[in-house]
Amino acid sequence: MSSSPSADLQAPTGVFVVAERSGAPVGCGGMRVVDATTGELTRIYVDPAARGIGVGALLVLRLEALAAQSGLSRLRLDTRSDLVEARRLYARLGYVEVARHNDDPYAEHWFAKALP
C-alpha cells in the first residue's frame, strides 16, 4: 500500500466510509476527487463473511451519493480480472467498461458511470 497512498481519502479531496454490521466493520470504500467533475472509487472491500448480502452495493451507492452531493457528475474505478464478483457488482450498478484511465499495474478493467 505504500506505493499507492490513501491520504487523499478525506475531505476536501475525498472520503472513506466503513460499513458495519452489529457494530463490527464488514466493509469499506473510498472516493477521491480527480477533477471538478470526476471522482474515483478505490479500496472497495467487503469481508468474505459478509459477502452476498448487499454490503458492496450499499458501500458503492453511499459513495455515489457523497460524490453527487460534492457536485461530481461521474465516477470511475479500476479492478483486476480475478475479481469477477466485483465486476458483476459494478455492471449491475450501471458502471460500464471504458478505456484505460491510469497506469496501475494491477488494474485490468476500467469502469465509469455518470451520476444523476
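Every number here is computed from the coordinates shown, using simple stated rules; none is lab data. Every value quoted in this text rests on a predicted model; they were computed, and no experiment measured them. Cβ sites come from the backbone with ideal geometry, for glycine too, and all protein chains shown count toward neighbours.
Helix-only mean residue ellipticity at 222 nm, the chain, DSSP H runs n ≥ 4 weighted -39,500 (n - 2.57), per residue, nearest 500. What is it?
Numbers: 2 runs with 24 residues, N = 116.
Calculated at 222 nm, the ellipticity per residue is -6500 deg cm²/dmol.
Local charge sum around THR13 (other residues, Cβ-Cβ under 13 Å, Lys/Arg +1, Asp/Glu -1)?
Values: positive: ARG32; negative: ASP8, ASP35, GLU40.
Around THR13, the charge tally is -2.
How high is the FRET efficiency from PHE16 to VAL84, r the C-beta distance, R0 41 Å, rounded to 0.05? Intermediate results must be reported in sequence, preceding the final value.
Details: r = 25 Å, r/R0 = 0.61.
Plugging the Cβ-Cβ distance into 1/(1 + (r/R0)^6) gives 0.95.
For the chain, compute Rh as the Kirkwood radius over C-alpha pairs and then the Stokes-Einstein diffusion coefficient at 25 °C and 0.890 mPa s; write the answer in µm²/s, rounded to an integer. Intermediate results must be reported in sequence, preceding the final value.
Values: Rh = 14.4 Å.
For the chosen part, D equals 170 µm²/s.
For the residue pair ALA107 and SER6, what label-to-label distance in nm results when each label sits 7 Å from Cα along the Cα-to-beta-carbon direction?
Result: 1.7 nm between the two label points.
Tell me, TYR45, TYR106, TYR90 in order of fewest to most beta-carbon neighbours within 10 Å? Walk me through the numbers before you get to the answer.
Working: TYR45 15, TYR106 8, TYR90 25.
Result, fewest neighbours first: TYR106, TYR45, TYR90.
Let me check I've understood the local charge: for ARG32, count other residues with C-beta under 9 angstrom from its C-beta, Lys and Arg +1, Asp and Glu -1. What total comes out? Walk me through the intermediate numbers first.
Values: positive: none; negative: ASP8, GLU40.
It works out to a net charge of -2.
Which one of LEU72, LEU63, LEU89 has the biggest mean-square fluctuation once the chain is modelled by GNM with Cα springs under 10 Å?
LEU89
Using Cβ counts within 10 Å as a stand-in for footprinting exposure, how do VAL26, VAL18 rank, fewest first? Each step should come with its number before you reach the end.
Values: VAL26 19, VAL18 10.
Final ranking by Cβ density, sparse to dense: VAL18, VAL26.
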